[in-house]
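The values are calculated or read from the model by the stated rules, or taken from the named source; none is laboratory data. As the structure is a computational prediction, the values presented were derived from the model and not from experiment. Note that each Cβ is placed from the backbone with ideal geometry, even for glycine, and that neighbours are counted across all protein chains shown.
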């Protein structure tokens, strides 16, 4: 080992790294972003979740329960006038969970102190958000039981002070929680993950495959030649997108069939609608790959860009981690990720059987994203430096 | 020059603080072979990419066959053929499939394609290579195939960017014959090369150095201006040397005796110069006459030595 030679080699490597702003940025940004994403944003803790509450009891006990929910960091209660209104809000994604407090809540609580059956709170989750529902359920049950126990204890104390005597509080805090999930009653994770996997595959793989296409052609010299033919930029763009789009659309069909045959997960809604929307989303993802390709000097750079862009796509799109559990500013940011909307549509069709009318807002956003990215891809290809 | 097919005025290209091409003017006459010479990194490829519309100039205008390239880059595409430093054939496709691909983009119908490709295939000697993939072809054949493809749609101007780079000497000679054939058919050829000796295949030569045009003339004009011209060595009988020396002087040669030889120089040896030389030396029973031409490398070295400060208009005056 020669120290001088080693120093020379190390110095060259350091200089090469520091000279390249992209590599430097990756070296600094990726660890920080990963740390923040996994440690802060992607925590399984439930924070600030909007919960719809229909209080049929309108008693002091129910008001106390709602106040305790509001006082926790986990839930933000919003009142509704009927149970059906809560279900509708849940479907629209306005709330993450629903709570129905029965009319006899306070009376049941009092009966429970005398050894009667404890009151039952009905909690509704969107089963299409299986992970979120699983996380939230534990938090909710904890708060409800703690509140119930305190209410029962205070009631027992009051009765003792009044000399009326009382039985022991019901085991488990005196409040029962009955959970019901809409659309995915068993909270089964497979349909949830299957529907999300389409988003992951179509976002990442399509971009990765196209990311190297133009940069490779540029290096081979064929792209210059192509640009000098009478073919317009739009023709060149579509010439790249359509064949790959068709291949990936076929992939979607295969995935739908495979998920159905091997996992028993079939779309609850129209498979044709799902495939059509997926085919459109593929074209949009391919555009993103072309943008990376057209703005990179080498294939390696294009791949690096793709991998970097996949981090927020995977972590923040709701594919694996529930968006409603993320801090509010991050939830806003996730709306800027096209995969968020596609995965939402995918789960809505797969798990809720949603149709076009219900999906219109999300579809409109996807169309806007698609038009925007196609436009950028077109401009990027047209640019002559 | 009346109605040049390529007319560039004040053409510049800057990349950040670096000026790759600095306010050059170019005029290329129809039907000529125009060589654009310079060292590696001198701005040749940047200039050619601006001329064909692949790069947007930072300043200046380009008119190609009457069309403003900056305003209508797509309109010039059918009029130009281009072959870059890397031959633009798709790997994985046979030569024939490449031909069909480009023919499709240029809208050449099947019957027309057979006729055109048949002629081009024979002229470029590509029959053996037609069903081979480019990656399996020797470099020289690949270059010919690239040139064949760039002429398939019958362009009016052919831009060749270092077409003979990486090709052996024999293939380069054959390649230049093909370029001259194209020129004979009326195609204007704009060719960049760093093989300076290839300038002698061309009608007109421009030199670029560090982004500036430092000369633009015919090969002979450049030799006359930027070299000691032609050197003629004659071995004569001792008795006639004095007379021949005097006659060469009267015929416009700068001549001197060196040992038992006469050495004469003249800036340019055109047909009139050759006639005068033969009039002087013809009657002599000379043992031998040797004529040396100054190489383009010498011309370029002298151009650089004299200072790249020579502006294009001054260089043009050397024509």
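Note on region B:247-262: residues that are closer than 21 Å to residue B:220 by Cβ and either free of Cβ contacts under 8 Å to residues at least 24 places away in the same chain or in contact with a strand residue (DSSP E or B) (Cβ under 6 Å, 6 or more places away or on another chain) (or both) amount to 4.
The condition of being surrounded by fewer than 16 Cβ atoms within 10 Å (Cβ to Cβ) and more than 17 Å from residue B:268 (Cα to Cα) holds for only one of B:242, B:198, B:233, that being B:242. Restricting B:173, B:92 to residues that are within 14 Å of chain A (Cβ to nearest Cβ) and modelled with pLDDT under 90 narrows the list to B:92. For region B:29-49, the criterion of a residue being at the interface with chain A (Cβ under 9 Å from one of its Cβ atoms) and modelled with pLDDT of 90 or more is satisfied by at least one position.
Within region A:229-250, being under 19 Å from residue B:91 (Cβ atoms) and either at the interface with chain B (Cβ under 7 Å from one of its Cβ atoms) or not in a helix (DSSP H, G or I) (or both) holds for one residue alone: A:229. Look through region B:98-123, keep the residues that are without any contact (Cβ under 8 Å) to a residue 12 or more places away in the chain and under 16 Å from residue B:147 (Cα atoms), and return whichever of them is nearest to the other protein chains (Cβ to nearest Cβ). Among those residues, the one meeting the criterion is B:101. Going by the structure shown, is residue A:86 under 30 Å from residue A:292 (Cβ atoms) and at pLDDT 75 or above? No: the conditions fail for residue A:86. Can you confirm whether region A:40-50 contains a residue that is at pLDDT 75 or above and outside any loop (DSSP other than H, G, I, E, B)? Yes; the residues of region A:40-50 include at least one that is at pLDDT 75 or above and outside any loop (DSSP other than H, G, I, E, B).
Would you pick out the residues in region B:50-73 that are touching a residue at least 12 places away in the same chain (Cβ under 8 Å) and either part of a loop (DSSP other than H, G, I, E, B) or facing chain A (nearest Cβ under 8 Å) (or both)? Answer for region B:50-73, where residues must be touching a residue at least 12 places away in the same chain (Cβ under 8 Å) and either part of a loop (DSSP other than H, G, I, E, B) or facing chain A (nearest Cβ under 8 Å) (or both): B:52, B:53, B:55, B:56, B:57, B:58, B:65, B:69, B:70, B:73.
Taking region B:124-227 and the helices (runs of 4 or more DSSP H) fully enclosed by it, the elements with 3 or more residues that are closer than 20 Å to residue B:38 by Cβ and either assigned by TED's automatic domain parsing to the domain that holds residue B:108 or touching a residue at least 12 places away in the same chain (Cβ under 8 Å) (or both) are at B:169-184, B:219-226. Once region B:74-89 is narrowed to residues that are surrounded by fewer than 20 Cβ atoms within 10 Å (Cβ to Cβ), touching a residue at least 60 places away in the same chain (Cβ under 8 Å) and in contact with a strand residue (DSSP E or B) (Cβ under 8 Å, 6 or more places away or on another chain), the residue that is nearest to the other protein chains (Cβ to nearest Cβ) is B:85.
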